[in-house]
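Structure first, then comments.
The values are calculated or read from the model by the stated rules, or taken from the named source; none is laboratory data. Note that the structure is predicted; figures quoted are calculated from it, not measured. Positions of Cβ are generated from backbone atoms using ideal geometry, with glycine treated the same way; all protein chains shown enter the neighbour counts. To get the accessible areas, we keep the full protein, side chains included, count just its heavy atoms, and leave off ligands, DNA and RNA. Shrake-Rupley method; radii C 1.70, N 1.55, O 1.52, S 1.80 Å.
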Amino acid sequence: MTSDNRQTAPMDPARLEVLVSMEPFVEAEMAAHVARRNLWFPSELLPRNTEADTDVAEIRDAARGLPDTIRVALAINLLTEEGLPHFHRLIAVYMGTESPWSTWNNLWTAEEDRHGCVLRDYVRDARVFDIIALERLQYAYIASGFNPEWEHDAYRLLAYTSLQERATQVAHANTGRTCGRYEPAIQRVLAHVSGDEARHFKFYRNVFGEVLKRDTERALYALLRVMPALAMPGHTIPNYEAMSEVMMRADIYGPRHYQKIVEELLAFWKIGELGGLTAVGRELQDRLMCIPARLERMADYILKKMHPREFRFDFLGDRALIA
Ligand SMILES: [Fe+2]
Ligand SMILES: [Fe+2]
């Protein structure tokens, strides 16, 4: 990576130097990732019999029993995955196009692309939604772009992806677990997807951990800018708030899950134990270590004032959903 291939996100030389110095580390982590991964393909997990449609009919039958809360979780999981162009672009803009960082971006994108494909193939085969209503949301999400306020700081991208990979892993895994009783085919799909997210999480967590070692205070600053409130990529999707509320009410993903992810990462990176910091570094450390308690208070507040209410979504035919 050089400054030449970073046209859209000029970065300060100090951060750029760290990212360049980390290229061998990224290559090693990428090799470890490839050794760990299980490269599966969407059509290995779904009916692909071209002669007869009996297996498609089977999953369609099984999917009839899926509760609407699970359908909403599947919608949000699918839409989030379909936001991949935003993330491929962000990584390319922040990390350039000619280095091990961009090799990772391409490899990661190829893996992620299967997630949207397999979920979309499933929901279409199984007739989970009014598919055109869902496609309208997907279109709106891609067309509205996603520009988080990272201010040309690639460390924030790496902090964000660490948190976001874990969040998607949890959301897919919990959706899959809840599906199991009704629909083994989608549970199996979601187990494969969340397995990928777990490996991506490990990659980003290790990479950000290395940034922390090499450029501690700037890394702490980046973390502090990203961690208190993770901007979910889907927040531009029409009706996203209501969808994520249903997911929270079904205990599939919500503020408690996010709090746990934050606690886990602060502990893994040993943020509370970092020594040898300047006064500024200690201040950043203290503020970071206060985040879990703040998230807990927020979660308490949100969950306490929650009473069952009615939701309606056009992709579910506008029928009433009580959650
Ligand atoms: Fe994914
Ligand atoms: Fe992922």
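Per-structure values
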| read-out | value |
| --- | --- |
| Among His257, Ile302, Ala171 the positive-end extreme of the charge dipole of the chain (Cβ point charges) | Ile302 |
| Cα long-axis angle, helix 100-125 against the chain (0 to 90 degrees, to the nearest 10) | 20 degrees |
| Within segment 130-252: Cβ-based charge dipole about Cα centre, in debye rounded to nearest 20 (Lys, Arg +1; Asp, Glu -1) | 440 debye |
| 10 Å Cβ shell holding at most 16 others, DSSP loop, trypsin sites (Lys or Arg not before Pro): longest site-free stretch of the chain | 182-269 |
| Percentage relative contact order, the chain, counting C-alpha pairs under 8 Å, at least six apart | 23 percent |
| Heavy-atom accessible surface of segment 218-318: percent carbon and sulfur, 1.4 Å | 54 percent |
| Positive minus negative residues near Ala250 (Lys, Arg vs Asp, Glu; Cβ under 14 Å) | +3 |
| Amide hydrogen neighbours beyond the local backbone of Ala323, cut-off 5 Å, H modeled | Arg309, Phe311 |
| Cleavage-rule hits, GluC sites (Glu not before Pro), segment 117-219, DSSP coil, Cβ neighbours within 10 Å at most 16 | Glu149, Glu151 |
| Where GluC sites (Glu not before Pro) fall in DSSP loop in segment 29-88, at most 16 other Cβ within 10 Å | Glu51 |
| Rounded to whole Hz, the Karplus (6.51, -1.76, 1.60) HN-Hα couplings of segment 242-247, x for glycine and proline | 5, 5, 6, 5, 4, 4 |
| Degrees between helix 84-95 axis and first principal axis of the chain (Cα, 0 to 90, nearest 10) | 10 degrees |
| Point-to-point label distance, Arg181-Arg287, nm (Cα→Cβ direction, 7 Å offset) | 4.4 nm |
| Folded to 0 to 90 degrees: helix 184-214 orientation relative to the chain principal axis, Cα | 10 degrees |
| Relative intensity, log₁₀ I(q)/I(0), of the chain from a Debye sum that treats every alpha carbon as a point, q = 0.07, 0.08 Å⁻¹ | -0.30, -0.39 |
| Extreme residue, positive dipole direction of the chain, given options Gln138, Phe87, Leu288 (C-beta unit charges) | Leu288 |
